[in-house]
Amino acid sequence: MKLSDLKYGETARISGISEQCQGEARRRLLDLGFVRGTIVTVQNISPLGNPVAYSLRDTLIALRHEQAEQIFIELEE
Amino acid sequence: MNEICNTCKYNTASGLKKLGEKVTDYDYVVALAGNPNTGKSTVFNTLTGLRQHTGNWPGKTVATAMGSFSYLDKTFKLVDLPGTYSLLSTSEDEEIARDFILFGKPDVTIVVADAGRLERNLNLALQILEITDKAVLCLNLMDEAARHGVEVDDRTLARDLGIPVVPTTARSNKGMDNLLQTIYDLAENKIVTQPHRIKNVLGETATAIEKLSNKLTDLYPGLPNSRWIAMRLLEGDTSIITALKEGRLG
Amino acid sequence: MEDKNKQLDNLLNEAEDLRKNIGNRLHDDLTEGIYVDAAKIVGDSVYTKDKKRAFRMDRAIDNIVTSRIWGFPIMLLLLGIVLWITIIGANYPSRMLSTLLIDIVYPFLKGVGESLHFPVWLSGILIDGVYLATAWVVAVMLPPMAIFFPLFTLLEDFGYLPRVAFNLDNLFRKAGAHGKQALTMSMGFGCNAAGVVATRIIDSPRERLIAIITNNFSLCNGRWPTQILIATIFIGAVVPEGLSHIVATGSVIGIAVLGIGFTFLVSWFLSKTMLKGEASFFVLELPPYRPPRIWQTIYTSIIDRTLVVLGRAVMFAAPAGAVIWLISNIDIEGQSIAVWAINAFDPFALFIGLNGVILLAYIVAIPANEIVIPTILMLTVLSINSITGGSGAGVLFDGNEPEVANILHAGGWTLLTGINLMLFSLLHNPCSTTIYTIYKETGSVKWTTVATVLPIIMGFIVCFLVTQLWHLFA
């Protein structure tokens, strides 16, 4: 399941970043805390639908849809 | 004091000319690092007495500033590094920051962190601890942390990190004396640190780092940050390779 | 030594092999490991009291401020309030400064010049030219900026501005730009030079250039008086008395909104042509809300932004003042240079719906939009009388609305001229302070030229089209 599928208020655990995402973009996501095992929640959605603000590790990071699509998650039970 | 500063590409002549002084005029060089939006600029301003505007906007501080201050009987040059989330990437800001800490060999490195949101801030801090031993964690924005109900046991934190931890609220000038004293003591080698080394790297990467790091220490016995160099070599960092070949490391 | 070199080479080769083996997993594994450490350390030493008030307040504010219903209205309202306070609040201080610098100090300086037996040209260049232009710029520029910048900076310090970027990013993304451009665009409503400096928050060079080049379409403080004055005289005059104020205000807002429209249009255009490229990796951190330190912010923003910009503007206004006086008082074959220029520009200018006075005024007033109207007035009087010298030549002046209206009508201005001036004021080249700032920020002659020339060409084209449409329908 992808991060972009997560709905408002939902929480999930990150399982990895897509192989398609490499280089600077991948590193940036990792550095910001989007590593395997991190708990992430959809906190806010922009009025125009894009980007979405995700809450993780006490910070709020907004990503565009095309980036969130490349992050894999598993829903928390 | 630090001849390396004169050749470092980061140390622009114009920057120095503006301040009208040379690095050699100071007793110690202090680097200021930290995530964006941690009040790093406020710390800078409070230490140096400058009045540059700072804002609550991540990554706003631009081309870095230099300032100076004196404490007790010594003078310190303070270099404000770009705010970065990490030192491992290829962005120019991160390059500048890590090159300065590694090659510039500042006498003290201050890592500014947001006390209320420590976890992400530690990413940078732990990396810095792989490069230099002489560091202090400035736990800033303590007032904000209190407002959010966050309490930090700075003693345990200092023990875990192996470096001094100074809680501050730079914008009300709280804790700054403590910070100055710690900087002084670190520079004068009155404090000896045992910085935390990153432990939990997994798999092949960990083995590779270990292997290379050992080989490096065999070749250059005095090299303090062999693990960091190993990580950079695995990254293919050309400036490190060149530096090794030119004998500028170890 | 030799041996060491060989050993080093071996080591480097081995490193290379390992690197190829691990590949991309290096960064993943490393960062993951770091965060595991970080989480443990935080677990040991950080205690969070259960959801304290401030934390919930942050979320509550964000929920409102980025909501589908309230997000946009709040943004527009806040921007409107800031601009309104700026315009109203600056009115009185501007007039006071004006009275002081122009009605009191200026005659005093003229008196000093006389008692020191200054020759006419010296008194003219220094006092009528340099001093007057500079005084004008200061009187008109300083009060609004001293209000706008602190207000804007307070919003910034509070933490609201990243939310604006968050709300508007989708629009900018579609135009090939970055959401943070919303901020630089807003800053441009205060001053375009400051807006250009603000683009430093945009990481990608390509997107940063787009923001810089389009910043000019944000109607800066210096142009508001011109817009309001012309709107009142020409547009307000053609509607019934009671409505004139509303209609005039409405048309100025319309121009400002048109400017925003052009910002998107030109951003899109640039990202398809001169500044083609991939959308950069987008990341936007939304920091926690922090109560700003009001007095500190006001103080530092005035020093940092207001005075710096003002300083640069004065630096450019001073020589411009001298130039204005000179062209109005140096005559060639019985006519001042200014009148020659006006006559030369007239054909082209009328063709696009303006006139020679306006074009000349915009050329010599390039240092600051604030002196455009006084320059226009002075040149209009000059061209009507068509004589050189005299105490009025080269001396900038202003007046109340009826006086200004009289002069402009006498100069042949029509409603069309008024409309075109408002459009041209929006679309002409950036002031010299901004051009200089663009050069300093980009270091590129090429892009500075593009940023300067693109708006003028657009200005000419738009005025031309409006004129054609006008003649078609009116």
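Tell me whether region C:411-450 comes out rounded, prolate or oblate; compute the Cα gyration tensor, take square roots of the eigenvalues as a ≥ b ≥ c, and use a/c under 1.5 as the rounded threshold. Working shown, then result.
Details: a/c = 4.58, a/b = 3.67, b/c = 1.25.
Since a/c reaches 1.5 and a/b is larger than b/c, the shape of region C:411-450 is classed as prolate.
Working from Cα positions, state the angle (0 to 90°, nearest 10) between the long axis of helix C:308-329 and the longest principal axis of chain C. Approximately 30 degrees, to the nearest 10.
Helix C:372-385 versus the longest principal axis of chain C: what angle, 0 to 90°, nearest 10, using Cα atoms? Helix C:372-385 sits roughly 20 degrees off the main axis of chain C.
What is chain C's relative contact order, in percent, from Cα pairs under 8 angstrom and six or more apart in sequence?
That works out to 17 percent.
Add -39500 (n - 2.57) for each DSSP H run of 4 or more in the protein assembly as shown, then divide by its residues: what number comes out at 222 nm, to the nearest 500 deg cm²/dmol? Computed mean residue ellipticity for the protein assembly as shown: -18000 deg cm²/dmol. Per-residue shielding of B:231-244, expressed as the average number of other chain Cβ atoms within 10 Å of the residue Cβ, stands at 3.
Using Cα pairs under 8 angstrom and six or more residues apart, how large is the relative contact order of region B:203-246, in percent?
Working: 21 pairs, mean separation 13.7, N = 44.
Over region B:203-246, the number comes to 31 percent.
Computed from backbone phi with θ = phi - 60° and the Karplus coefficients 6.51, -1.76 and 1.60, the 3J(HN,Hα) list for region B:71-76 is 9, 6, 9, 10, 10, 10 Hz; x is used for glycine and proline. Overall, the anisotropy analysis places region C:298-473 in the oblate class: the square-rooted eigenvalues a ≥ b ≥ c of its C-alpha gyration tensor yield a/c not less than 1.5, with a/b not exceeding b/c. A cut-off under 11 angstrom between Cβ atoms defines the neighbours of C:Asn21, and their net charge, with Lys, Arg +1 and Asp, Glu -1, is -1. Distance between the C-alpha centres of region C:62-132 and region C:419-474: 23 Å, rounded to the whole angstrom. Amide H contacts of B:Tyr71: B:Phe76, each under 5 Å away and 5 or more positions distant or on a separate chain (H built 1.01 Å from N in the peptide plane; Pro and chain starts excluded).
Nearest 5 is fine: what % of DSSP beta bridges in the protein assembly as shown come out antiparallel, could you say? Please report the intermediate quantities before stating the final value.
Working: 33 of 52 bridges.
Just about 65 percent of them are antiparallel.
Which whole-angstrom value gives the distance between the alpha carbon centres of region A:19-77 and region B:77-144? The distance from the Cα centre of region A:19-77 to that of region B:77-144 comes to 24 Å. Applying the criteria of a DSSP loop state and at most 14 other Cβ atoms within 10 Å to the trypsin sites (Lys or Arg not before Pro) of region B:156-250 yields B:Lys190, B:Arg197, B:Lys199, B:Arg248.
So how do C:Glu14, A:Glu19 rank on accessible area, 1.4 Å probe, biggest first, that is with the largest at the start?
A:Glu19, C:Glu14
Within the listed set A:Thr11, A:Thr41, A:Thr59, the residue fluctuating most in the Gaussian network model of chain A (springs between alpha-carbon atoms under 10 angstrom) is A:Thr59.
Sorting A:2-10, C:437-445, C:321-329 by their mean Cβ neighbour count within 10 Å, with the most densely packed peptide first, gives C:321-329, C:437-445, A:2-10. When only alpha carbons of region A:3-75 are considered, Rg and Dmax amount to 11.0, 30 Å. Summarising the amide proton neighbourhood of A:Ile73: residues at separation of 5 or more, or on other chains, whose placed amide H is nearer than 5 Å comprise A:Lys2, A:Leu3, A:Ser15.
Given Cα positions, please report Rg to Rh for the protein assembly as shown, the hydrodynamic radius being the Kirkwood one.
Answer for the protein assembly as shown: 1.03.
Give me the distance between the Cα centres of region B:154-233 and region C:26-48, rounded to whole Å. The two parts, judged by their Cα centres, are 15 Å apart.
With a ≥ b ≥ c taken as the square roots of the eigenvalues of the C-alpha gyration tensor of region B:186-250, please select rounded if a/c is under 1.5 and otherwise prolate if a/b is larger than b/c or oblate if it is not?
oblate
Summing +1 for each Lys or Arg and -1 for each Asp or Glu among the other residues whose beta-carbon sits under 9 angstrom from that of A:Ala68 gives -1.
Using the Cβ of C:Ile371 as centre and a radius below 12 Å, the other residues enclosed give a net charge of -1, where K and R count +1 and D and E count -1. When the Gaussian network model of chain A links Cα atoms closer than 10 Å, the mean-square fluctuations of A:Ala53, A:Ala25, A:Ala12 top out at A:Ala25. Across region B:176-181, rounded Karplus estimates of 3J(HN,Hα) from the backbone phi angles (6.51 cos²θ - 1.76 cosθ + 1.60, θ = phi - 60°) give 6, 4, 4, 4, 4, 4 Hz, Gly and Pro being marked x.
Shown for chain C: the carbon plus sulfur share of the solvent-accessible area, taken with all protein chains present and a 1.4 angstrom probe, equals 68%. For helix C:401-410, what angle does its Cα long axis make with the longest principal axis of chain C, in degrees from 0 to 90 and rounded to 10? That helix lies at roughly 70 degrees to the long axis.
Which whole-number value in Å³ per residue fits the convex hull of the alpha carbons of region C:1-108?
Values: hull volume 44.8 nm³, N = 108.
With only Cα atoms used, region C:1-108 gives 415 Å³ per residue.
The H on the amide N of A:Leu60, modeled in the peptide plane, is under 5 Å from the matching H of C:Leu286, each at least 5 residues off or on a different chain. Phi-derived couplings, Karplus 6.51 cos²θ - 1.76 cosθ + 1.60 at θ = phi - 60°, listed residue by residue for region A:53-63: 8, 9, 9, 8, 6, 6, 10, 10, 10, 9, 10 Hz, with x used for Gly and Pro.
The values are calculated or read from the model by the stated rules, or taken from the named source; none is laboratory data. This structure is a prediction, so every number in the text was calculated from the model and none was measured. Every residue, glycine among them, receives a Cβ derived from its backbone with ideal geometry; neighbour counts consider all protein chains shown. Protein only, heavy atoms only, side chains kept; ligands, DNA and RNA dropped before computing areas. Shrake-Rupley method; radii C 1.70, N 1.55, O 1.52, S 1.80 Å.
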